[in-house]
Amino acid sequence: MSTALDQALNATNPLSDIANKVVKGERISRADAIRLYQSDDLVSIGAMAEFARMRKAGPGREKYVYYIHNMHLNPTNYCMETCRFCSYANPEDQKRAYTWTVDKVLEEAGKGAALGIREIHMVGGLNPACDLNYYEEVMSALRKSFPHIHIKAMTAVEIDYLANLEGISVEETLERLIKAGLQSMPGGGAEIFDEAVRERMAVKKTPAERWLHIHGAAHKLGLKTNATMLTGIGESIENKVDHVLLLREQQDKTGGFMCFIPLKCYYDGTNIADEVKEPTGYDILKDVAISRLLLDNFDHIKAYWIQLGESLAQVAFSFGADDMDGTILEEKITHAAGTKTPLQLAKESLEYQIASAGYIPVERDTVYNIVRVCEPVTETGMPQPLKPLELTPTV
Ligand code: SF4
């Protein structure tokens, strides 16, 4: 056990009762999580989260940090909504608006396919020109042209929008998209579930209950999904804890979430910076660690390097994160809002980031089948492949 965890468990530590629950594998409560957020003892919180991460990983995998060779596709940035924190899409800003044809989606996907990607992560704005038929065509075409590439696409908000546009249930919408080629769903659009924050931020889309229902419906249809939380939009500690607890409750019911991804807002192109507190690195590490501790039924917590930057993502591995996301190739949404991270990282660079932080890089597929495990950093400073494994996709 680490020295830091020993100190957290010491009876003189005000957090020792929570540390004891963590070590015994007991579920921590709302009140526990609020106390963790209120504490300045980041070292103890990190030590508890690291312990929880290693136990969740299982014997022999304690130091694994996952990544995927993937690309992002954003077929349209035109959106009927006007969430105040969004710099990506705005119906008033027609000059920047674009909508790709099916052929253009294929052309862009082809660039990733040529580089050997395993996953397409596709999300976009709520655009009436991109209806259910459009996405059925896009997914069928992707499936036909690149049958070996997994399609992770459509946030719950997009599913909700398409179902309403079509006048059908979310279940039927999902079934049609699955038939066309959808294989899993990303976790976007959850933002913060609290209604008062959503109202201040003009978030009219898919409220908490509906967002959770759509993920539950997807799980029942056999899709794995992810979940997110957006911070830096005027939320309180309680709002964050309640958001994560709603995800834990949903996971207890339907069990299809793979990964939780804490996100932070960037403010370029928005008018909210003066009325909200921007999360610091300290806040982000707490979000990572406390979500690892609360979400005892989620296998993975992601340090999304495109938002955190590579350095903070590396630190987050010691605070409960075990996934760095992917090579991405091109990302438009966070870059529209001002992040300065590079637009792509080569696999070798991601592996180096993970290994140089003291962890073992593991290339995965979308649903966390292991593709390749790398040895710890070698004399050359680069990790080496340890065990190329045969891939057996489960979805
Ligand atoms: S956050 Fe999503 S729903 Fe809101 S304006 Fe941006 S693209 Fe549209």
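Here are the numbers for this structure:
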item: Met54 being open to solvent by 50 Å² or more (accessible area, probe 1.4 Å), among the aliphatic types (A, V, I, L, M), farther than 23 Å from Pro186 by Cβ and more than 16 Å from the ligand (Cβ to nearest atom); result: yes
item: Close pairs from segment 241-252: first on the phi > 0 side of the Ramachandran plot, partner open to solvent by less than 30 Å² (accessible area, probe 1.4 Å) and not in a helix (DSSP H, G or I), Cβ under 8 Å, at least 6 apart; result: none
item: Of the criteria (1) touching a Leu at 6+ places or on another chain (Cβ under 9 Å); (2) free of Cβ contacts under 8 Å to residues at least 40 places away in the same chain, which one Gly181 fails; result: (2)
item: Flag if Ala156 is touching a Leu at 6+ places or on another chain (Cβ under 7 Å), modelled with pLDDT of 95 or more and open to solvent by less than 20 Å² (accessible area, probe 1.4 Å); result: no
item: Odd one out for Asn164, checked against (1) of a type outside the set (A, V, I, L, M, F, W, C); (2) without any contact (Cβ under 8 Å) to a residue 40 or more places away in the chain; (3) away from the ligand (no atom under 16 Å from the Cβ); result: (3)
item: Meets criteria (touching a residue at least 24 places away in the same chain (Cβ under 8 Å), more than 28 Å from Leu293 (Cβ to Cβ) and more than 16 Å from the ligand (Cβ to nearest atom)) for Glu238; result: no
item: Residue list for segment 286-319, filter: open to solvent by less than 10 Å² (accessible area, probe 1.4 Å), of a type outside the set (D, E, K, R) and part of a helix (DSSP H, G or I); result: Val288, Ala289, Ile290, Ser291, Leu294, Trp305, Ile306, Ala313, Ala316, Phe317
item: Criterion: open to solvent by 10 Å² or more (accessible area, probe 1.4 Å), within 18 Å of Arg143 (Cβ to Cβ), out of contact with any Pro (no Cβ under 9 Å at 6 or more places or on another chain) and in the same structural domain as Thr155 (by TED's automatic domain parsing) - qualifying residue of Glu107, Glu119; result: Glu107
item: Qualifying residues in segment 186-206 (those that are in contact (Cβ under 8 Å) with a residue 12 or more places away in the chain and more than 15 Å from the ligand (Cβ to nearest atom)) - the one most open to solvent (accessible area, probe 1.4 Å); result: Glu195
item: Tally, over segment 250-285, of residues that are open to solvent by less than 10 Å² (accessible area, probe 1.4 Å) and either of a type in the set (Asp, Glu) or not in a strand (DSSP E or B) (or both); result: 3
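The values are calculated or read from the model by the stated rules, or taken from the named source; none is laboratory data. Keep in mind that this is a model prediction, so the values were computed, not measured. Here Cβ is always computed from backbone atoms with ideal geometry, including for glycine, and neighbour counts include all displayed protein chains. For the accessible areas, the whole protein counts, side chains as well, though only heavy atoms, and no ligand, DNA or RNA atoms are used. Shrake-Rupley method; radii C 1.70, N 1.55, O 1.52, S 1.80 Å.
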